[in-house]
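The structure under discussion appears below in the form of structure tokens.
The values are calculated or read from the model by the stated rules, or taken from the named source; none is laboratory data. Here the structure is a predicted model, which is why all the values come from computation and not from measurement. So basically every Cβ, Gly included, is an ideal-geometry build from the backbone, and we count neighbours across all protein chains shown.
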Amino acid sequence: MKDLKKYIRDIPGFPKPGIIFKDITTLLKEGKAFKESIDMLASELEGKKAQVVLSVESRGFIFGAALAYKLGLGIVPIRKPGKLPHEKHTITYDLEYGKDALEMHKDAFKKGDKVLIVDDLLATGGTTRAVIDLVEKMGGEIAGIAFLIELLPLKGREKLKGYPVYSIIKDEYC
């Protein structure tokens, strides 16, 4: 197995001082590394009997689309407010530096469907927790949650207790 972490570039002070941005474009441009990351995530999610992959705006779209294709599932985008054209559910949640909101079409999946949540990075877990709450409000069941990167010091996994969480790059540096 490759050390995929070496393909992630750290950008200190972006988008604001004190933050170390994990730039995944350096992994995405390396076809073999990107393929390996998708293959590794797919191997964790195969057999979950899910009906759909939910991908979180915006970098999650990249991994969500590739995983949905690999697993033979549909993909549902979870977007920032004002981006979806049809009837939608909205959830507002707290971030470490403010508030945010996400939206999903009301017909994104059927009540009782099993869903996979995919994003590029698990930090504090606030965004993913909001997605879980939205899915459960809509009658869905979480079959699995997958990330390319998990920032271990931020303990985001604690907000996701009770759910199957997978990450392939565990980073101590954030």
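Points to keep in mind about this one:
- Checked against (1) of a type outside the set (A, V, I, L, M, F, W, C); (2) assigned to a strand (DSSP E or B); (3) surrounded by fewer than 20 Cβ atoms within 10 Å (Cβ to Cβ); (4) at pLDDT 95 or above, K99 passes all but a single condition, namely (4).
- Which numbered condition E136 misses (of (1) touching a residue at least 24 places away in the same chain (Cβ under 8 Å); (2) surrounded by fewer than 24 Cβ atoms within 10 Å (Cβ to Cβ)): (1)
- Scanning the stretch 24-59 for residues that are in a helix (DSSP H, G or I), among the polar types (S, T, N, Q) and either at pLDDT below 95 or out of contact with any strand residue (DSSP E or B) (no Cβ under 7 Å at 6 or more places or on another chain) (or both) gives T25, S43.
- Selected residue (criterion: surrounded by the most Cβ atoms within 10 Å (Cβ to Cβ)) from residues of the stretch 1-23 that are in a helix (DSSP H, G or I) and within 19 Å of the chain's Cα centre (by Cα): Y7
- Per the conditions (1) in a loop (DSSP other than H, G, I, E, B); (2) touching a residue at least 12 places away in the same chain (Cβ under 8 Å); (3) closer than 25 Å to S43 by Cβ, the sole criterion not satisfied by A108 is (3).
- Close pairs (6 angstrom Cβ cut-off, 6 or more residues apart or separate chains): under 17 Å from F61 (Cα atoms) and touching a residue at least 24 places away in the same chain (Cβ under 8 Å) in the stretch 78-89, of a type in the set (D, E) and surrounded by 15 or more Cβ atoms within 10 Å (Cβ to Cβ) anywhere: R79/E57; R79/E103
- Among (1) in contact with a helix residue (DSSP H, G or I) (Cβ under 6 Å, 6 or more places away or on another chain); (2) hydroxyl-bearing (S, T, Y); (3) surrounded by 15 or more Cβ atoms within 10 Å (Cβ to Cβ) - the single one T127 does not satisfy: (1)
- In the condition set (1) at positive phi; (2) of a type outside the set (S, T, Y); (3) surrounded by 13 or more Cβ atoms within 10 Å (Cβ to Cβ), I38 is compliant with all but (1).
- I78 in a strand (DSSP E or B), touching a helix residue (DSSP H, G or I) at 6+ places or on another chain (Cβ under 7 Å), at pLDDT 95 or above and over 18 Å from V165 (Cα atoms): yes
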